[in-house]
Structures are given as structure tokens and as C-alpha cells.
Amino acid sequence: NLFIDYGVSNYNDIWGYVDENGIEYALIGAWDGTYIINITNSPASVVAFIPGSYSTHRDIKTYEHYMYIGTEANLPDPSIFEDGITYIEPQGVQVVDLSNPENPVLVNEWEGVVQSHNIMEADGYLYVIGSTSAYSDDGSELSWGIDDLIILDLADPSAPEKVGGWSEEYFHDVCISGDILYGCGIYSHTMWAMDISDKTNPQVITSWDGIPSSHACWVSDDGNTLFTASETSGGHIMSWDVSDLSNINLLDQWMPPDGETWSAHNIFVKNNLLYISYYVYGLQILDISAPANLERVGYFDTVDK
């Protein structure tokens, strides 16, 4: 276990980074920060750690040679203890220079929010979502940049700057295809499609329901098919024809055999494959070359059910 030496009991998100020499790194969020793992060399090894607010959730993305880290910041920090009370340390979005991934430098923190659930990068912009706290735990810090959807410009990747926002629905996660952003309305069981061509003024195109606990989404490489994952008992994968946003159609839905009592989680498209983290069903892989006929082509089951 890579984390035994650090005393980390759990971890919560993963992203990848390849440096200029072609060395691959796993960027892994944990309860107390983010670990950088060299996975090119064998065996894989922890090469660096970026401490952060204690949290059950952390989300990580990269742009150029920078890593961005958002977090729910929802656990009391054992080192902050005043008058017999522990406090949650607020955290915006950390900015880490990965020029040398084995010696990363925390260069900045966008402090417009005190917590967030997810972040997404596309085309030089960072989208921050799931920020719901107006103030820090002790009331001393204000979320001056809060919105349901926050858009940060990465023109200077070391110093994100808010250029736009939108608030009408809590988004749990988003995915992006060109000038279209899809948002997961997890509490309303909906998906939203938004025009983000003007980053200063995102506009709703349409929304549709029928996605139980709409948790995560990803778009096919050609932008014509949206895949959604539902985080609930019987949570399943759905494929949607979004080639015409005025006429969105359900194409297919899928869950593992006997999967009615379990839940999907996050999904990612690469070429004609959909990779799904599926809780007790581990990694599930679907062939999406025919999105109206989703077929499982591989899996790695992590739990003996």
C-alpha cells in the first residue's frame, strides 16, 4: 500500500499527468491532501505530497504544467483546536506547479470559495462546481466568488481569474464538448445543456429529466452522444443522442448483471470505450462504438460479493 507510510486511511479521486519526458504520474486525492505517484517506474512510488484541508472529497485536474485541486473541505482539522473546538480549514482551488512533478510547488490558491465538490478543465478554462458554503466554518472567510457554476480563466495558469458564473441549479459534475457544457443536477434527477461560448455569460439551452441521481457525465469524441451515470441503487449508465439539442433522445441504458442494488459512480470516454467506476463492481468497460447498443468488453472486479 503506497499510503501506509503516510498514515492515510482513505483516498477519493484520481487524475493523470505526463511530464515533458513522457513519465506518467497518478495524482491521487486523499483525506489530508494530494499524492503524486510515479507509475512509469516499477514499482510505483510516492514522489511528492501537497497538503490540503481535511476532506472526504477532493477533485484534481491539470492544464499545461499546473495541477488544480478543489475540495469539499468538510472534515475538522486535528491541528486547528481552539477553546476545545476543532475547525474545518477552508480551501479554494490550489494551484500547483508541476514543472518538476517530484518537487511540486504550491504557487497559489484561488480563494473565491471556501469549498467545492468538483472542478473541470477545458480549453484553458477551469469550471468550479458544488460550492454551497457562503462562509468558512468559523465565519471568518467569505465565498465572494460563489455560484452554482463558476468559470475561471487560465490565461495565466498560475493565477486563475473568475470571468463568469451562473446560479439556478446545483451541479454535481460537468463535462464539456466545445461550447456546450453538460451539468448533472443530482438532486433534481436532471441533465442541463448550456452554451458557454461567452464565458462571462453562460446560457441555458435546455434541460431534461429521467436520470436518477444524475452524478457524472462524459461526451463522445464526436460530441454527438452524452453518457450519464446515476449514483443510486440500481444506478445505471445511459447514452443520449445530443446531436440536436432541441430533440434529445435516450439511446440505451446498461448496468452490470445483477446490478440492481448497486450504483455507478464516475465515467470517462477514451476513443470508443467508456470506463466506469462502479463501486462493488470495480472497473467496468463498455464498447460505445454503437451508443444505442452498449456492450461490456472488460471489467476488473474489486470486491468478492
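The values are calculated or read from the model by the stated rules, or taken from the named source; none is laboratory data. Remember, predicted model here, so these are calculated numbers, not experimental data. When we count neighbours, we look across all protein chains shown, and the Cβ atoms used for this are built from the backbone with ideal geometry, even at glycine. Ligands, DNA and RNA are excluded from the accessible area calculation, which covers all protein heavy atoms including side chains. Shrake-Rupley method; radii C 1.70, N 1.55, O 1.52, S 1.80 Å.
Might you check whether a residue that is open to solvent by 60 Å² or more (accessible area, probe 1.4 Å), out of contact with any strand residue (DSSP E or B) (no Cβ under 8 Å at 6 or more places or on another chain) and either of a type in the set (S, T, N, Q) or assigned to a loop (DSSP other than H, G, I, E, B) (or both) occurs anywhere in region 157-179?
No - not one qualifying residue is present in region 157-179.
May I ask you to list the residues in region 89-137 that are open to solvent by less than 10 Å² (accessible area, probe 1.4 Å), among the hydroxyl-bearing types (Ser, Thr, Tyr) and within 18 Å of residue 50 (Cα to Cα)?
116
Hey, among 301, 258, which residue is on the phi > 0 side of the Ramachandran plot and among the acidic types (Asp, Glu)?
On the way: 301 fails: on the phi > 0 side of the Ramachandran plot.
Going through 301, 258 in turn, just one is on the phi > 0 side of the Ramachandran plot and among the acidic types (Asp, Glu): 258.
Please return the ranges of strands (runs of 3 or more DSSP E) entirely within region 200-255 where 3 or more residues are open to solvent by 20 Å² or more (accessible area, probe 1.4 Å).
Working: elements: 203-209, 214-219, 225-230, 237-241, 249-254.
Qualifying strands (runs of 3 or more DSSP E): 203-209, 249-254.
Could you go through region 213-227 and let me know if any residue there is at positive phi and touching a residue at least 12 places away in the same chain (Cβ under 8 Å).
Residues of region 213-227 that are at positive phi, as a first pass: 213, 223.
Next, only the ones that are touching a residue at least 12 places away in the same chain (Cβ under 8 Å) stay: 213, 223.
Looking through region 213-227, at least one residue is at positive phi and touching a residue at least 12 places away in the same chain (Cβ under 8 Å).
Scanning region 256-279 for residues that are open to solvent by 60 Å² or more (accessible area, probe 1.4 Å) and not in a strand (DSSP E or B), which turns out modelled with the highest pLDDT?
Just the residues of region 256-279 that are open to solvent by 60 Å² or more (accessible area, probe 1.4 Å), to begin with: 257-258, 260-262, 268, 270-272, 275, 279.
Applying the additional criterion that residues be not in a strand (DSSP E or B) yields 257-258, 260-262, 271-272, 279.
On the way: 257: 83, 258: 79, 260: 79, 261: 79, 262: 80, 271: 91, 272: 95, 279: 80.
Only one residue tops the list, namely 272.
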